Protein chains: 2
Amino acid sequence: MSLDTVLARIDADLDQSLDRLLDLLRIPSISTDPAYKPDCARAADWLVEELTSLGFDASSRPTPGHPMVVAHGGEGEKHLLFYGHYDVQPVDPLELWDRDPFDPEVQDTAKGRVIRARGSADDKGQLMTFVEACRAWKAVHGTLPGKLTIFLEGEEESGSPSLIPFMQDNAAELKADIALICDTGMFEDDTPAIVTMLRGLLGEEITIHGPDKDLHSGMYGGAAINPIRVLTRILGGLHDDQGRVTVPQFYDGVQELPDAIRAQWQALSFDHGKFLGDVGLSQPAGEQDRTPLEMLWSRPTAEINGIWGGYTGQGFKTVLPAQAHAKVSFRLVAGQDPDALRRHFRAWVQDQLPADCTVTFHDHGNSPAGVMSVTAPAFDAARQALTDEWGKPAAFVGCGGSIPIAGYFKTYLGMDAMLIGFGRDDDQIHSPNEKYDLESFHKGIRSWARVLDRLA
Amino acid sequence: MSLDTVLARIDADLDQSLDRLLDLLRIPSISTDPAYKPDCARAADWLVEELTSLGFDASSRPTPGHPMVVAHGGEGEKHLLFYGHYDVQPVDPLELWDRDPFDPEVQDTAKGRVIRARGSADDKGQLMTFVEACRAWKAVHGTLPGKLTIFLEGEEESGSPSLIPFMQDNAAELKADIALICDTGMFEDDTPAIVTMLRGLLGEEITIHGPDKDLHSGMYGGAAINPIRVLTRILGGLHDDQGRVTVPQFYDGVQELPDAIRAQWQALSFDHGKFLGDVGLSQPAGEQDRTPLEMLWSRPTAEINGIWGGYTGQGFKTVLPAQAHAKVSFRLVAGQDPDALRRHFRAWVQDQLPADCTVTFHDHGNSPAGVMSVTAPAFDAARQALTDEWGKPAAFVGCGGSIPIAGYFKTYLGMDAMLIGFGRDDDQIHSPNEKYDLESFHKGIRSWARVLDRLA
């Protein structure tokens, strides 16, 4: 009965909930670019004010990078921690956006109403589903739904450099019975999902150095080594013809999928033709002896996320550049050792350098893969709550992306994490024209009310 | 006797000559970047004024791109045309310059005094050697040294799109007995040289298209094709292990060096260890069965002059970009057909595309290679004049760079060209901290006085 009242309140207040989200989306909190540091602080302050208004004891806590938002409130036997992040990805290429990425708008589309803005789905829209669920609960009950800690990070999109030290320094304050993380999606748009398997990430930047200055290709071309030639030669060999990564020992420790999980995944109606078709592709490009879901959830990858060197402006310049650069990342799975992998990759590059070339590496951090222990009773309770809201049985799924926080909660605070989110595959997170379905937002708020009702 | 007076006048007026050059160097006439279009026009106007002050009938002539400067003056049986270019290369990476590239300065260095600025050697300093020789001659004799046409281009660094139409439209006006071109260098810094063999150039830009939008490597990595992976795979195979270009039919029509030229080149004391050592290299990187001078002067090359795709800013972004790009150029030698080569290259790229990828090409123009007919008497006269000035026998050499104007003069105006210049190998043309030796400028002016004395 009281849950129904909360759900009705959520429905009635949706427009106000949306207005608050749009306010947050207007703050360009791009964490990887130092130019936006003040905006990140502003987003943190906005959230502190919001949480304080709900009765939380909330504060913006300084770090060497962007601040953490920590808020405590409510009472109860079970202590739940909620995690989200208020920072967003850069917006380039800006010219591919239909509108200013930080001027959010609710738009009608063929597939329903969407909230269009950078960060709408990743992760401001998602974190606000939890905040708004708390708000509705408070309005109906006069109290928060239980003993809650809200922990919001501002460096998730830039490698979380301050996260582990902050968790270590504040372990007693942050430790709860279980962590709830809202930064994932539904399965195939209409099946609620709890992520139980997460890939890790390792980021590396490489610079090939050749001549000690840029050269004119007329004067030196043919005799002088060109670092772009060396870089393309090396990175062009990162995959073999079958899509396997060629770095020695790359697959060390990678395990085959347990039969039970394999069977569950086979039962999921994953339409990889549609998944790829939605982004203009048709052929799975990974290891050719693997299923598409394995490529995405349980197999490691190597990707070149950026490459640059020489003249890249308008027109033409016949330059042999002194350097060439690339940003390379690896998606990791359970069993892989990130430190060893970085060593193997560096040695593999080094071994292929021709005379006169050197290489420098820049470590962009790493996070190990994670596998949740789904036997905790909370997992079943949450699964039931989600099934109730969405009218379809919730699935335990894998996630190709890296959400290192789940592993950190286990490692540094000794608590399990449940990853529940309401994103859709076509949200275009990290891309131009990111959006979050209004339905994701609305039913996401309702879902958290149901989950909190069962858990707290 | 009168030549000596002219030479003495050049020596006495050097400071004023230098001031005029510095004025010209202050104009940022970067032809490839549309933002500098007004500056290109300003450089042309500056030259018109300068030449008018010497008694030339000079004008800035509009084209669809940047203007041509054409000036006629003097009298005599022999009609000489002088060619240079007033446009310059872009200045990036700007942070590697010691000073503003367009705030020229005369600096003392361990190797003598140098004029430091973008365009000091390529080609403003060089073209001004001829103008200043005319000025000194006029001051001493009251007339120009002969019947002269001065023809200065503003699009040499951006593919000369207006040059051929302009030459065709003004053929009668531009036709002379021989063309003098000042855009080349000395041999090994102290041997005056006349270039008799020039490589051509073909420029191509390729864009690999994969997914129809940028993707998140967490969500799609492993299943979606990454255009950077495809681009590096293709371009990484542009050379084989022996430094040969792998594009099919690339070497069609390429001829072996005549024995006489090979012998002359072997007699030249080319120190390739020093040549490469000056730019931080040690090993000739071209075809391993060729001498370094062949690699530079008589063999074709393939170079990646620019590459870009994905995220290239600070920090890291786990993006799978929708596109990846490269600028590729080929240095051509006599016998190669540029149009056929472009077709072969495009087919070679196309044939290597995986499923779901497409490619688009952008033609950045081409110029065929050139071989001068050195039997014309003017070549011997000029060789003598240069030998007199520099105290060392002048050499007939090759040039790795492309100076298509020489071929155009032959093709469209039916006249031979002599390429005489005073640049040094360490001038860093097209690179940060470009310079022109004060000695190049000074003795360059004197050299032209001597050449004009013999030719005009």
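The values are calculated or read from the model by the stated rules, or taken from the named source; none is laboratory data. Just so we're clear, the structure is a prediction, and the values are computed from it rather than from any experiment. Cβ sites come from the backbone with ideal geometry, for glycine too, and all protein chains shown count toward neighbours.
The table below lists the values:
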quantity: Filter result for the condition that a residue is modelled with pLDDT of 95 or more, assigned to a loop (DSSP other than H, G, I, E, B) and among the β-branched types (Val, Ile, Thr), over B:ILE10, B:ILE27; calculated: B:ILE27
quantity: In segment B:412-426, the residues that are under 18 Å from the mean Cα position of the chain (by Cα) and either more than 11 Å from chain A (Cβ to nearest Cβ) or farther than 15 Å from B:MET128 by Cβ (or both); calculated: B:ALA417, B:MET418, B:LEU419, B:ILE420, B:GLY421, B:PHE422, B:ARG424, B:ASP425, B:ASP426
quantity: Qualifying residue in segment B:259-280 (condition: within 12 Å of chain A (Cβ to nearest Cβ), within 20 Å of A:THR232 (Cα to Cα) and at pLDDT 95 or above); calculated: no
quantity: Test for A:SER120: is it surrounded by 24 or more Cβ atoms within 10 Å (Cβ to Cβ) and either outside the structural domain of A:ARG424 (by TED's automatic domain parsing) or hydroxyl-bearing (Ser, Thr, Tyr) (or both); calculated: yes
quantity: Residue that is nearest to the chain's Cα centre (by Cα), among those in segment B:299-348 that are free of Cβ contacts under 8 Å to residues at least 60 places away in the same chain and in a loop (DSSP other than H, G, I, E, B); calculated: B:ARG299
quantity: Residue, nearest to B:TYR436 (Cα to Cα), within segment B:47-59, restricted to residues that are part of a helix (DSSP H, G or I), touching a residue at least 24 places away in the same chain (Cβ under 8 Å) and of a type in the set (A, V, I, L, M, F, W, C); calculated: B:LEU47
quantity: Residue identified as more than 30 Å from B:ASP278 (Cβ to Cβ), not small (Gly, Ala, Ser) and not assigned by TED's automatic domain parsing to the domain that holds A:ASP92 among A:PHE345, A:PHE379, A:PHE441; calculated: A:PHE345
quantity: Filter pass, A:GLU294 being acidic (Asp, Glu) and either in a loop (DSSP other than H, G, I, E, B) or without any contact (Cβ under 8 Å) to a residue 24 or more places away in the chain (or both); calculated: no
quantity: Scan of segment A:7-38 for residues that are touching a Phe, Trp or Tyr at 6+ places or on another chain (Cβ under 9 Å) and free of Cβ contacts under 8 Å to residues at least 24 places away in the same chain, ordered by number; calculated: A:ASP23
quantity: Yes/no for A:ALA43 being of a type in the set (A, V, I, L, M) and surrounded by 18 or more Cβ atoms within 10 Å (Cβ to Cβ); calculated: yes
quantity: Matching residues in segment B:427-455 - criterion: being small (Gly, Ala, Ser) and more than 13 Å from the chain's Cα centre (by Cα); calculated: B:SER440, B:GLY444, B:SER447, B:ALA449
quantity: Matching residues, segment B:146-172, being within 21 Å of B:PRO368 (Cα to Cα), small (Gly, Ala, Ser) and either modelled with pLDDT of 95 or more or not assigned by TED's automatic domain parsing to the domain that holds B:PHE409 (or both); calculated: B:GLY154, B:SER162, B:ALA171
quantity: Only one of A:SER17, A:SER53 that is among the polar types (S, T, N, Q) and either farther than 20 Å from A:THR143 by Cα or within 24 Å of the chain's Cα centre (by Cα) (or both); calculated: A:SER17
quantity: Single residue of segment A:285-312 satisfying the filter (crowded, with 24+ Cβ neighbours inside 10 Å and hydroxyl-bearing (Ser, Thr, Tyr)) that is nearest to the other protein chains (Cβ to nearest Cβ); calculated: A:THR301
quantity: Test set (1) touching a Phe, Trp or Tyr at 6+ places or on another chain (Cβ under 7 Å); (2) of a type outside the set (Lys, Arg); (3) farther than 26 Å from A:LEU215 by Cβ - B:GLY315 fails condition number; calculated: (1)
quantity: Among residues of segment A:123-157, those that are of a type in the set (Asp, Glu) and surrounded by fewer than 24 Cβ atoms within 10 Å (Cβ to Cβ), counted; calculated: 1
quantity: Residue within segment A:191-204 that is among the basic types (Lys, Arg), more than 11 Å from chain B (Cβ to nearest Cβ) and more than 30 Å from B:ARG299 (Cβ to Cβ) present; calculated: no
quantity: Residues satisfying the stated conditions in segment A:349-359, i.e. among the hydrophobic types (A, V, I, L, M, F, W, C), more than 7 Å from chain B (Cβ to nearest Cβ) and assigned to a loop (DSSP other than H, G, I, E, B); calculated: A:LEU353, A:CYS357
quantity: Some residue of segment B:65-72 being in contact (Cβ under 8 Å) with a residue 40 or more places away in the chain, assigned to a loop (DSSP other than H, G, I, E, B) and within 14 Å of chain A (Cβ to nearest Cβ); calculated: yes
quantity: Any chance B:SER431 is within 13 Å of chain A (Cβ to nearest Cβ), part of a loop (DSSP other than H, G, I, E, B) and in contact with a Ser or Thr (Cβ under 8 Å, 6 or more places away or on another chain); calculated: no
quantity: Some residue of segment A:239-248 being over 25 Å from B:ILE234 (Cα atoms), within 13 Å of chain B (Cβ to nearest Cβ) and out of contact with any Cys (no Cβ under 8 Å at 6 or more places or on another chain); calculated: no
quantity: Segment B:327-364 - residue that is over 30 Å from A:GLN242 (Cβ atoms) and among the acidic types (Asp, Glu) and, of those, surrounded by the fewest Cβ atoms within 10 Å (Cβ to Cβ); calculated: B:ASP339
quantity: Criterion (touching a residue at least 60 places away in the same chain (Cβ under 8 Å), under 26 Å from B:ARG424 (Cα atoms), outside any helix (DSSP H, G or I) and out of contact with any Leu (no Cβ under 8 Å at 6 or more places or on another chain)) met by exactly one of B:ASP98, B:ASP92; calculated: B:ASP98
quantity: Candidate set: segment B:225-247, residues that are outside any helix (DSSP H, G or I) and of a type in the set (Val, Ile, Thr); chosen: the one surrounded by the fewest Cβ atoms within 10 Å (Cβ to Cβ); calculated: B:THR246
